[in-house]
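Structure record follows, encoded as structure tokens.
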Amino acid sequence: GESELPPEIWEKVKNHPCYSEEAHHHFARMHVAVAPACNIQCNYCNRKYDCANESRPGVVSERLTPEQAAKKVVAVASTIPQMTVLGIAGPGDPLANPAKTFKTFELISQMAPDIKLCLSTNGLALPEHIDTIAKYNVDHVTITINMVDPEVGAKIYPWIFYKHKRIEGIEAARILSEHQLRGLEMLTERGILCKVNSVMIPGVNDQHLVEVNKAVKSRGAFLHNIMPLISAPEHGTVFGLTGQRGPSAQELKALQDSCEGEMNMMRHCRQCRADAVGLLGEDRSAEFTTDKIMDMEVNYDL
Ligand code: CLF
Ligand code: SF4
């Protein structure tokens with residue numbers, strides 16, 4: 001359990017609602033949707049949800065400039081005292097929009113220095129941004145890793161965009177996997193706490209995720225969050241995976257249980273929206289739309 005964590009790790013996770021099961025009852029997080037572009041294509045993507053990178057119904061999140069995002073964070077933090085963590089997780093990939101992402105982190109660290117910074121990425125551009133991530137004092141990074149075998153990866157990712165080129169098939173999955181694992185190693189070597197998210201896709205990577213679990217544990221990931229693919233026909237096709245079902249609750253739990261001996265498993269993920277605000281499982285984003293925020297009196301602490 002969490003009470004057995006080394007004190008230096010506990011110090012870093014005790015206020016993070018995703019990294020600590022205990023903290024999620026008491027501490028809130030928010031996302032700002034500043035990152036519209038993506039550098040890969042996942043077959044299950046619809047860009048409404050991130051971190052989880054999931055396909056569920058919902059309204060499209062409001063896209064913010066870094067300045068609007070920073071103002072929103074200050075407004076939310078002064079309204080919700082339990083707000084401890086700001087995550088950038090989409091709607092595309094934060095590291096495919098590095099200027100917007102890092103400008104947002106910079107403004108927030110000036111305006112609300114107590115807020116911890118969190119980043120969720122597919123990992124393709126991770127190795128080239130490690131220094132910048134460290135420079136902006138990003139506390140927590142989540143990498144979505146769905147495979148460590150390019151043959152499996154080719155069924156999940158039709159293409160990546162890398163070095164100004166679109167690359168397909170097994171070669172694309174090989175590059176993606178190599179960058180994800182190298183990025184994970186580089187972050188943990190610097191003491192940045194890393195969580196891995198994996199989407200469980202029955203018949204595609206479900207058995208394989210046990211191997212993913214071992215690979216990420218051995219590279220220093222602190223927590224593994226295996227999430228169910230959510231695919232319901234009434235919500236439209238899951239691109240490229242038409243007819244693909246998600247796992248049952250029992251199948252998900254069995255897989256989580258089989259990995260539990262290896263490392264800490266996250267079981268309280270709520271598969272958040274791109275602009276989620278509040279405690280996990282609570283959505284207060286409607287209270288903080290741009291027009292409302294711009295009308296709010298906000299104390300800039302510069
Ligand atoms: Fe956001 Fe993700 Fe940071 Fe949390 S969400 S960027 S690690 S602050 Fe959390 Fe939401 Fe699950 Fe993500 S419950 S989808 S794991
Ligand atoms: Fe969609 Fe995220 Fe995959 Fe990009 S990384 S295609 S935004 S699910």
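Note on segment 151-201 and segment 77-130: Cα centroid distance 20 Å, given to the nearest whole angstrom. Take every Cα pair under 8 Å whose residues are at least 6 apart in sequence, average their separation, divide by the length of the chain, and the relative contact order is 23 percent.
ARG273 sits with roughly 30 Å² accessible to a 1.4 Å probe, with DNA, RNA and ligands left out of the calculation. Placing +1 on the Cβ of every Lys and Arg and -1 on the Cβ of every Asp and Glu, with no other charges, gives the chain a dipole of roughly 600 debye about its Cα centre.
Over segment 2-287, all Cα pairs binned in 5 Å intervals from 0 give whole-percent P(r) values of 1, 6, 13, 18, 21, 19, 13, 7, 2, 0, listed from short to long.
If each DSSP helix of 4+ residues adds -39,500 (n - 2.57) and the sum is divided by the residues in the chain, what number results at 222 nm, nearest 500 deg cm²/dmol? Before the final figure, lay out the partial values.
Values: 9 runs with 101 residues, N = 302.
It comes out at -10000 deg cm²/dmol, rounded to the nearest 500.
Build a GNM of the chain with springs between Cα atoms under 10 Å apart, and of HIS208, HIS164, HIS224 the one that fluctuates most is HIS164. Among the protein heavy atoms, those of ILE170 account for about 80 Å² of accessible surface (1.4 Å probe, every chain in place). Of ASP131, ASP206, the residue with the largest accessible area leads and the full order is ASP131, ASP206 (1.4 Å probe). Computed with a 1.4 Å probe over protein heavy atoms only, the accessible area of SER258 comes to about 70 Å². Solvent exposure of the chain amounts to 43 Å² per residue of accessible area, where only protein heavy atoms count and the probe is 1.4 Å. Computing FRET efficiency as 1/(1 + (r/R0)^6) for TRP10 and GLN110, where r is the C-beta to C-beta distance and R0 is 30 Å, gives about 0.60.
Between ARG190 and GLU128, full extension at 0.36 nm per residue minus the direct alpha carbon distance yields a gain of 20.9 nm.
Carbon and sulfur: what percent of segment 132-288's accessible surface (1.4 Å probe)? List each step's numbers first, then the result.
Values: 3480 of 6930 Å².
Taking all protein chains in place, segment 132-288 shows 50 percent carbon and sulfur surface.
The simple spin-label model puts a point 7 Å past each Cα toward its Cβ; for ARG267 and THR289 those points are separated by 3.9 nm. Partners of LYS116 within straight-line reach, counting lysines whose Cα lies under 21 Å from its Cα and excluding those fewer than 8 residues away in the same chain: LYS12, LYS14, LYS71, LYS72, LYS100, LYS103, LYS135, LYS195.
Taking GluC sites (Glu not before Pro) as candidate sites, keep only those in a DSSP loop with at most 15 other Cβ atoms within 10 Å, then name the longest stretch of the chain containing none of them. Write down the numbers at each step before the final one.
Details: sites that count: GLU22, GLU262, GLU282, GLU297.
The segment 23-261 is the longest one with no such site.
The values are calculated or read from the model by the stated rules, or taken from the named source; none is laboratory data. As the structure is a prediction and not an experimental result, all values here were calculated from the model. We place every Cβ from the backbone using ideal geometry, glycine too, and count neighbours over all the protein chains shown. Surface accessibility is based on the protein's heavy atoms, side chains included, excluding ligands, DNA and RNA. Shrake-Rupley method; radii C 1.70, N 1.55, O 1.52, S 1.80 Å.
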